[in-house]
1. Test Gly148 against the stated conditions and say whether it is at pLDDT 95 or above, buried (at least 24 other Cβ atoms within 10 Å of the Cβ) and closer than 19 Å to Thr19 by Cα.
2. Condition check: surrounded by fewer than 20 Cβ atoms within 10 Å (Cβ to Cβ), within 18 Å of Thr19 (Cβ to Cβ) and under 16 Å from the mean Cα position of the chain (by Cα). Does Ala198 satisfy that?
3. Give me the residue from the range 92-126 that is among the β-branched types (Val, Ile, Thr), outside any loop (DSSP other than H, G, I, E, B) and under 15 Å from the mean Cα position of the chain (by Cα) and, out of that set, farthest from Asn167 (Cα to Cα).
4. Which of the residues spanning the range 49-80 are more than 17 Å from the chain's Cα centre (by Cα) and assigned to a helix (DSSP H, G or I)?
5. Which one of the conditions (1) under 20 Å from Ile42 (Cβ atoms); (2) open to solvent by 50 Å² or more (accessible area, probe 1.4 Å); (3) in contact (Cβ under 8 Å) with a residue 12 or more places away in the chain does Cys125 fail to meet, given that it meets all the rest?
6. Identify, from the list Leu90, Leu64, Leu69, the residue that is open to solvent by 70 Å² or more (accessible area, probe 1.4 Å) and in contact with a helix residue (DSSP H, G or I) (Cβ under 8 Å, 6 or more places away or on another chain).
Amino acid sequence: MTTPKNSMELVGTAVLVFTIQTSISNGSSLAPLAIGTILMSIVFAGGPISGAHYNPAVSFAVTLRGGELTWAEMTSYWIAQIIGGFIGALIGGFISPTSVVVSMGSDATMAQAIISEVMYTFVLCLVVLCVATNSKVENNHYYGLAIGLVVLAGAITVGPISGGAFNPAVAFGLSVAGGFANFGYSVVVSVANLVGGAVAAVLFRVVLPEEFGLARGGTVGETTPFNA
């Protein structure tokens, strides 16, 4: 079912993956900056509408956190995000000289790549939970900046090791649009991302136990500026 929230998730994810596809394909050394800043912008834009997840791992973490997103909403978000990732990658591939897929660094091992994806997806999801679902910082104006900077840092730090997806919609979108290129690795990356999101949700409950059970009512994006 098409809803304003699902539509925002689809469009936002498409914009994110389009930016990834084009900036990397064109060989820009500033690709991480482009990706991080566009994420900041679309998070601020979509936060009041859908929560601006644009990432199945984030939606998974938020659902596990409790009180913010139902499992049914999470499923609809996942569908919108995967479709959006494919559309963004397809459009980006059309205007770019080459298609880009998430790939492991030539000097990296599979273990290094998996740990890199788990680590930075964990950091990303923990930051989302702490700045966007924490009542102590409700109505803050820096949530988008914090989230975008994590992706920027991750792309620079471990991008050359794992490909720097931190997002199943990115991994699958680029792979499917590229003719299912490197699809097996995309599956591995996506599982690692979901593991990172799950660990973030668990740690959030540990470090902020007072938030546990404090469902603030309303649905995603209605009670805080970015109710991720």
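1. no
2. When the stated conditions are applied, Ala198 does not pass them.
3. Val123
4. Matches in the range 49-80: Trp71, Ala72.
5. (2)
6. Leu90
The values are calculated or read from the model by the stated rules, or taken from the named source; none is laboratory data. Source: prediction; values computed, not measured. Heads up, the Cβs are rebuilt from the backbone with ideal geometry, glycines too, and the neighbour counts pull from every protein chain shown. Ligands, DNA and RNA are stripped out before the accessible areas are found, and what is left, the full protein with its side chains, is counted by its heavy atoms. Shrake-Rupley method; radii C 1.70, N 1.55, O 1.52, S 1.80 Å.
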